[in-house]
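Read-outs throughout are calculated quantities, based only on the coordinates presented, and are distinct from any laboratory measurement. Only a predicted model underlies this, so the values are computations on that prediction, with no experimental measurement involved. Positions of Cβ are generated from backbone atoms using ideal geometry, with glycine treated the same way; all protein chains shown enter the neighbour counts.
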Amino acid sequence: MLTAVIIEDETRFLSAFKAVLNSACPEIKLLGDAGSIVSARKLINDTKPDIVFLDIQLSDGSAFDLLKFLASDREKDNSHNLRIIFTTGSNEFAIQAFRFSAVDYLLKPIIKDELIEAVNKAAELIKIAGAQDQYKVLLDNVSKTDSDKKICLSTSNEMRICEVSTIIRCESEHNYTTFYFTNEKPLMISKTIKEYEDLLSEYGFERVHQSHLVNLKQVKSFLKKEGGFLLLNNGTEIPIARRKKDQVLEKIKHL
C-alpha cells in the first residue's frame, strides 16, 4: 500500500480531491493534509509519505519554496524517497517547468483517469535511481535562463539529467525517441517525438523531417543533394522534408 499526504489550502477543493482519491485509488492510505508551507514541511517529515499531492500556490508561499525546504531536509535524511504530484489551476510557466523536469502534475478539477495514471507513474518512479534529482532540476529551471535549461529523460531504469544545449538531435522510431548528445551516449525514451517537438520548439529545435528533430544551433551547413540535407557539427547528415525546406533554411539564416 502506498501512503500519501495532500498539501492544499482551498477547503472546497481539498474535500473534493479526497473523495476522488478515495474512489480512484483505494490502495493509497492518506496520512493527512496541510495548507501552508510550515505545516506541510512538518507533516511530510513526520509521516514520510510515498506521494505528496502539492498545490502550486499556498497561503504562505509557493510549492517551489516548500521544495527548497524539502531539499535541505533530504540532505540530512537521504533515505526518504517521495514522489510529488503537483496540482494547479492554470499556470503555463509552472507547467513548462514540470514538463522539462519530467514531474507529474494534475490540472484542477482533478480527472479520475489522470489521477490514476499519475499515481501509477509515481509508484514506478519511486524505484528508479536518480529520480529524486528531478526536483533539483525543477528548481534550477524555474530560476535559470533558457540557455541554461535542463531536461530529465526517464527510461525504465534510469533518470538522466541533460542540458538542453547539449542535445544535437532526436530521432523517432515508432513510439520511441532516441536522443543524441554532444557529450554523452545516445538515450532511447519510450515517448513519441511529437512530445519533445512541443517541448523543445522554442529553444531552437526544428522538426525537419517526420523522423528528425534537430537543434538548429548544431547545424554546420546545408547540403543540396537529393532534395536537401543538414550537415550537423558531429558529421551526421539529416534529410529535410520537401515541405519543410524553405522554413528550415529561413530559420538557419537567422541563427
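Put a plus charge on the Cβ of each Lys and Arg, a minus charge on the Cβ of each Asp and Glu, and nothing anywhere else: the dipole of the chain about its Cα centre is then about 820 debye. Pairs spanning more than 20 Å between alpha-carbon atoms, out of K150/K191; K127/K194; K42/K68; K121/K149; K121/K191; K191/K225: K127/K194; K121/K149; K191/K225. Per-residue ellipticity at 222 nm from helix content only, as computed over the chain with -39500 (n - 2.57) for each DSSP H run of at least four residues, stands at -11000 deg cm²/dmol.
For the chain, a Kirkwood radius taken over Cα pairs fed into Stokes-Einstein (25 °C, viscosity 0.890 mPa s) yields D = 123 µm²/s. Using a 10 Å Cβ count of at most 15 others and DSSP loop calls, identify the longest part of the chain lacking such GluC sites (Glu not before Pro). That gives 28-157 as the longest site-free run. Between I110, A34, A94, the Cα set farthest toward the positive side of the dipole of the chain (charges on each charged residue's Cβ, about the Cα centre) is that of A94. Taking Cα atoms only, the orientation of helix 134-143 departs from the longest principal axis of the chain by about 70 degrees.
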